[in-house]
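Notes follow the structure.
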There are 2 protein chains.
Amino acid sequence: MLVEYDGTDFHGWQVQPDVPTVQGALEEAVETITSASCRVTGSGRTDAGVHARGQVAHVDLPTPHDAFRLRGSLNGLTPGGIAVRCVERAEDTFHARYDARRRRYHYFIHTQPCALDRHRRTHVRPVPHFDRMRAATPDLLGTHHFGSFCLTQSDTTNRVCTLTHAQWVEEDRRGFWHFEVAGTRFLHGMVRALVGTLLEIGHGKRPADALPTVMDAQDRRAAGPSASPEGLVLERVEYERDLWPEHERKD
Amino acid sequence: MLVEYDGTDFHGWQVQPDVPTVQGALEEAVETITSASCRVTGSGRTDAGVHARGQVAHVDLPTPHDAFRLRGSLNGLTPGGIAVRCVERAEDTFHARYDARRRRYHYFIHTQPCALDRHRRTHVRPVPHFDRMRAATPDLLGTHHFGSFCLTQSDTTNRVCTLTHAQWVEEDRRGFWHFEVAGTRFLHGMVRALVGTLLEIGHGKRPADALPTVMDAQDRRAAGPSASPEGLVLERVEYERDLWPEHERKD
């Protein structure tokens with residue numbers, strides 16, 4: 001299933017006792033439909049407050065269900081902050097997390113007063129130097145050790161990721177920008193740490209060529225603070241083959 | 001001042017006792033700044049739940065204030081659902097309502113599941129025939145009696161308006177559309193009544209050439225129901241001369 005959600009309403013993706021989570025809401029809906037307890041497996045977790053327009057999840061159902069009717073039932077049984085955009089029957093071997101080849105996130109900011117988008121953009125003040133951030137961004141591309149941008153402490157985990165796209169985009173309205181980033185995998189808190197570090201460069205607190213040194217440190221303390229969650233959207237997860245009808249594939 | 005607001009949080013523009021309104025919040029902020037009671041006059045009212053990205057209002061201050069600092073103070077003193085985008089000193093004779101030459105509204109809908117935009121778009125089901133709505137829309141252009149699209153009952157009021165632009169626009173995402181309409185003046189509830197009537201045409205409840213007959217009736221009961229407020233945004237108000245710096249003028 002292709003899932004959109006408003007992170008404002010949930011304590012993140014992953015099911016937890018006594019708090020609303022996206023995974024928990026989807027599993028409750030599936031349980032109502034199937035009368036069975038089924039795990040809904042996402043392509044990855046998102047933290048509390050982080051949004052998604054294109055999260056992908058799979059569920060193994062005990063009996064066959066029509067995909068289009070299942071989409072309607074899931075939307076009827078989940079809160080308004082969750083929208084199941086598509087449901088398609090997958091191959092038995094499909095796994096939303098292990099089979100994902102590429103993820104794409106956008107981080108939205110505004111530097112001028114804004115009301116309508118305030119739950120989905122982070123207010124950045126003072127106005128950063130976007131030319132400095134743009135100059136620094138290409139240092140992220142390619143295969144690097146991203147341990148300095150990872151919240152989780154563990155010596156045994158692989159911290160090497162390959163970023164294939166990273167770009168600051170100015171939008172139609174003055175002071176509205178977003179950071180686009182895509183790669184094979186992302187570590188816990190990685191996009192927010194990247195944005196927080198780039199904003200420090202934009203604010204002149206670090207030189208524009210600081211990123212290689214930060215990456216070499218392999219230490220979270222070498223990077224900038226985490227940018228706040230409300231600006232972050234998981235836009236898309238890609239697999240070996242296209243999962244959705246063509247009309248859902250456009251960016 | 002150029003004002004954006006999230007209508008979800010307010011009982012409309014116009015000040016009313018005991019409920020939060022946009023005008024009331026702005027007047028309280030001005031009173032805190034000036035220690036005087038000042039009327040904030042908008043280009044027009046918006047109903048409860050209706051949003052604005054480009055409402056224009058004026059206020060007569062008892063003493064001079066720097067426009068940029070005033071903008072900062074107003075944003076600091078109003079709730080997050082209000083953003084004062086620009087403040088400029090106006091001529092003494094300027095009147096936000098009487099001097100307005102043209103207003104522009106957009107009405108946003110979605111026909112497919114959506115979570116992130118659900119407070120700013122109306123869910124329309126079943127999917128209407130947009131080609132029928134597009135065929136009917138040009139009948140609105142020009143100068144007509146719009147009494148059939150007006151909520152207010154009164155025999156003495158002028159119900160003639162001139163619409164200069166009316167168009168259905170398909171957006172980048174499947175099932176996301178908006179209706180753009182601009183004109184010299186709009187009656188109470190007019191845009192929502194126009195959209196409600198066009199959706200009836202799109203749903204095959206009225207013929208595509210129904211609008212001239214509805215207008216001729218000069219009776220609110222001849223038109224369709226009011227489309228719900230959360231999809232409506234007052235985008236822009238135009239005056240004889242440009243009020244704002246060039247960077248705020250783009251659509």
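The values are calculated or read from the model by the stated rules, or taken from the named source; none is laboratory data. These numbers come from a predicted model, not from an experiment. We place every Cβ from the backbone using ideal geometry, glycine too, and count neighbours over all the protein chains shown. Quick note on the areas: whole protein, heavy atoms, side chains included, nothing else; ligands and nucleic acids left out. Shrake-Rupley method; radii C 1.70, N 1.55, O 1.52, S 1.80 Å.
Tabulated values for the structure
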read-out	value
Residue in region A:49-59 that is more than 12 Å from chain B (Cβ to nearest Cβ), within 14 Å of A:TYR5 (Cα to Cα), not aromatic (Phe, Trp, Tyr) and not in a loop (DSSP other than H, G, I, E, B) present	yes
When residues of region A:75-89 are limited to those that are under 23 Å from A:ALA100 (Cα atoms) and not in a strand (DSSP E or B), the one nearest to the other protein chains (Cβ to nearest Cβ)	A:VAL87
Hey, B:THR93 more than 14 Å from chain A (Cβ to nearest Cβ), surrounded by fewer than 18 Cβ atoms within 10 Å (Cβ to Cβ) and within 20 Å of the chain's Cα centre (by Cα) or not	no
Near pairs, Cβ below 9 angstrom, 6+ apart or cross-chain, from region B:160-187 (within 14 Å of chain A (Cβ to nearest Cβ) and on the phi > 0 side of the Ramachandran plot) to any residue that is part of a strand (DSSP E or B) and open to solvent by less than 40 Å² (accessible area, probe 1.4 Å)	B:GLY175/B:ILE109; B:GLY175/B:HIS110
Any strands (runs of 3 or more DSSP E) falling wholly within region A:107-205 and containing at least 3 residues that are touching a strand residue (DSSP E or B) at 6+ places or on another chain (Cβ under 7 Å) and open to solvent by less than 30 Å² (accessible area, probe 1.4 Å)	A:160-170, A:176-183
Hey, B:TYR98 touching a helix residue (DSSP H, G or I) at 6+ places or on another chain (Cβ under 6 Å) and either of a type in the set (Phe, Trp, Tyr) or in a strand (DSSP E or B) (or both) or not	no
Residue check for B:VAL87: modelled with pLDDT of 95 or more and open to solvent by 70 Å² or more (accessible area, probe 1.4 Å)	no
Residues (within 20 Å of B:VAL233 (Cα to Cα) and under 18 Å from the mean Cα position of the chain (by Cα)) located in region B:96-116	B:ALA96, B:ARG97, B:ALA100, B:ARG101, B:ARG102, B:ARG103, B:ARG104, B:TYR105, B:HIS106, B:TYR107, B:PHE108, B:ILE109
Matching residues, region A:1-41, being more than 21 Å from A:ARG69 (Cα to Cα), open to solvent by 10 Å² or more (accessible area, probe 1.4 Å) and away from chain B (no Cβ under 11 Å)	A:HIS11, A:GLN14, A:VAL15, A:GLN16, A:PRO17, A:ASP18, A:VAL19, A:PRO20
